[in-house]
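The values are calculated or read from the model by the stated rules, or taken from the named source; none is laboratory data. Computed from a predicted structure; not experimentally measured. Here the Cβ is made from the backbone with ideal geometry for all residues, glycine too, and neighbour counts use every protein chain on show. We work out accessible area using only protein heavy atoms, side chains counted, and drop any ligands, DNA or RNA first. Shrake-Rupley method; radii C 1.70, N 1.55, O 1.52, S 1.80 Å.
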Amino acid sequence: MSARLMANPQLRPTLAGRHEMPTPPRAMAASAQRGNRRRAMPRWAKPAIKAALIVTPMLFLIGAAGAAWKRPSLAETVAAAHDSLLRSTSSLGFTLNEILVIGRNETERDTVMDALGVRRGEPILSIDLAEAKARLEELPWVSAASIERRLPGILYIRLAERQPMAIWQHDRQFTVIDRAGRPLADAVELARRGNQRIETLPQVIGANAPQQVQSLLAALEQVPTLKPRVTSASWISDRRWNLQLNNGVTVKLPEGAGMPMALRQLAEMEGKGKVLDRDIVAIDLRQPERAVLQTSATAQLPGWEEEAKKKPPGKKT
């Protein structure tokens, strides 16, 4: 039996005499989309971009050359080009809009702004970060500063402030100083502004007391039971310290390397016999391994009650 083949109108003959399958509608749609994407950029766009990349630097160089021809020095030309570049960045939105300061506790806001020397609206790329950092670190309270740009318009600043450790009394003035003896602020002004922290700081008295306060503080940190009881310290004859305790007792410390040992000795005496709770006015620790207690007129020496009980009745001492 013979069969007759019917020609399929969707089959297209090829050069080799073969027939290829019809293109599915989905593939035709995808091909059309690729064609649309390729046709999104006109043919003349790429040559134009290449030409712009070549011509723009040339125009800038020509403009710079023209400016150099009009100006007497190369430095002025460079400065003019720099200013022009900054103006262009400002027009693109790179202007200072916000200043964030982290770590500021004692330093006044206006003091920080004056040290920065910047203003809102100026080109943020024109700010010299190294100079601004140096000016911030010259402020009394600031021990370290870091500054960075957060484009397009934020200046981010982090401050590390010095810690007040004592109040230096001199020439009828009261100055807050840090651990190294560096002056930080006027204590009376801080108290007027409501700073309560300075009320807990001990006072140091003497012309050269700030230069010696670091060694005193280090020695007091070794005796944590005594440190809170110290209300003031006087630098005597530019050689040694006298401490004034919160109960009115004066502690005379030796000079030099004997001071920490004397404080540890006093801490041991207080731990064993509560010597500071007795009716005494001064403790002299200037002699090694020896403590001299100065009593008041009504002082009861250690063991006074026990000795009184041993005496026969009827006798007064």
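Would you confirm, using the coordinates I've provided, whether Arg240 is touching a strand residue (DSSP E or B) at 6+ places or on another chain (Cβ under 7 Å), among the basic types (Lys, Arg) and open to solvent by less than 60 Å² (accessible area, probe 1.4 Å)? Explain how you work it out, then say what you get.
On the way: touching a strand residue (DSSP E or B) at 6+ places or on another chain (Cβ under 7 Å): no; among the basic types (Lys, Arg): yes; open to solvent by less than 60 Å² (accessible area, probe 1.4 Å): yes.
Taking the combined requirement at face value, the residue does not satisfy it.
Give me the pairs: first residue in the stretch 144-157 and within 15 Å of Phe94 (Cβ to Cβ), second residue β-branched (Val, Ile, Thr) and surrounded by fewer than 20 Cβ atoms within 10 Å (Cβ to Cβ), beta-carbon distance under 6 Å, and six or more apart or on different chains, which are they?
Note: pairs meeting the criteria are Gly153/Thr95; Leu155/Ile99.
Take the stretch 162-209 and flag every residue that is among the charged types (D, E, K, R), open to solvent by 70 Å² or more (accessible area, probe 1.4 Å) and in a loop (DSSP other than H, G, I, E, B).
Matches in the stretch 162-209: Asp171, Arg172, Arg179, Arg182, Arg193.
Which of the residues spanning the stretch 131-161 are among the hydrophobic types (A, V, I, L, M, F, W, C), open to solvent by 40 Å² or more (accessible area, probe 1.4 Å) and modelled with pLDDT of 95 or more? Steps first, answer last, please.
In the first step, residues of the stretch 131-161 are kept if they are among the hydrophobic types (A, V, I, L, M, F, W, C); the result is 132, 134, 136, 139, 141-142, 144-145, 147, 151, 154-155, 157, 159-160.
In the following step, the residues that additionally are open to solvent by 40 Å² or more (accessible area, probe 1.4 Å) were identified as 134, 144, 151, 154, 160.
Correct list: Ala134, Ala144, Ala160.
Return yes or no: is Arg109 free of Cβ contacts under 8 Å to residues at least 24 places away in the same chain, out of contact with any Ser or Thr (no Cβ under 9 Å at 6 or more places or on another chain), surrounded by fewer than 14 Cβ atoms within 10 Å (Cβ to Cβ) and within 30 Å of Pro228 (Cα to Cα)? Walk me through how you get there before you give the answer.
On the way: free of Cβ contacts under 8 Å to residues at least 24 places away in the same chain: yes; out of contact with any Ser or Thr (no Cβ under 9 Å at 6 or more places or on another chain): yes; surrounded by fewer than 14 Cβ atoms within 10 Å (Cβ to Cβ): yes; within 30 Å of Pro228 (Cα to Cα): no.
No.
Looking at (1) open to solvent by 40 Å² or more (accessible area, probe 1.4 Å); (2) over 17 Å from Arg239 (Cα atoms); (3) not in a loop (DSSP other than H, G, I, E, B), find the lone condition where Thr225 falls short.
All conditions pass for Thr225, except number (3).
Looking only at the stretch 169-176, decide whether some residue is of a type in the set (A, V, I, L, M, F, W, C) and in contact with a Lys or Arg (Cβ under 7 Å, 6 or more places away or on another chain). Please lay out each step first, then the result.
As a first pass, look at the stretch 169-176 and keep what is of a type in the set (A, V, I, L, M, F, W, C): 174, 176.
Next cut, in contact with a Lys or Arg (Cβ under 7 Å, 6 or more places away or on another chain) only: none.
Within the stretch 169-176, none of the residues are of a type in the set (A, V, I, L, M, F, W, C) and in contact with a Lys or Arg (Cβ under 7 Å, 6 or more places away or on another chain).
Which residue is farthest from the chain's Cα centre (by Cα), if the candidates are limited to the stretch 101-154 and must be basic (Lys, Arg), outside any loop (DSSP other than H, G, I, E, B) and within 24 Å of Ala180 (Cβ to Cβ)?
Keep residues of the stretch 101-154 that are basic (Lys, Arg), which gives 104, 109, 119-120, 133, 135, 149-150.
Keeping just the survivors that are outside any loop (DSSP other than H, G, I, E, B) gives 109, 133, 135, 149-150.
Those still in the list that are within 24 Å of Ala180 (Cβ to Cβ) too: 133, 135.
Numbers: Lys133: 11, Arg135: 14 Å.
Restricting to residues being basic (Lys, Arg), outside any loop (DSSP other than H, G, I, E, B) and within 24 Å of Ala180 (Cβ to Cβ), the top hit is Arg135.
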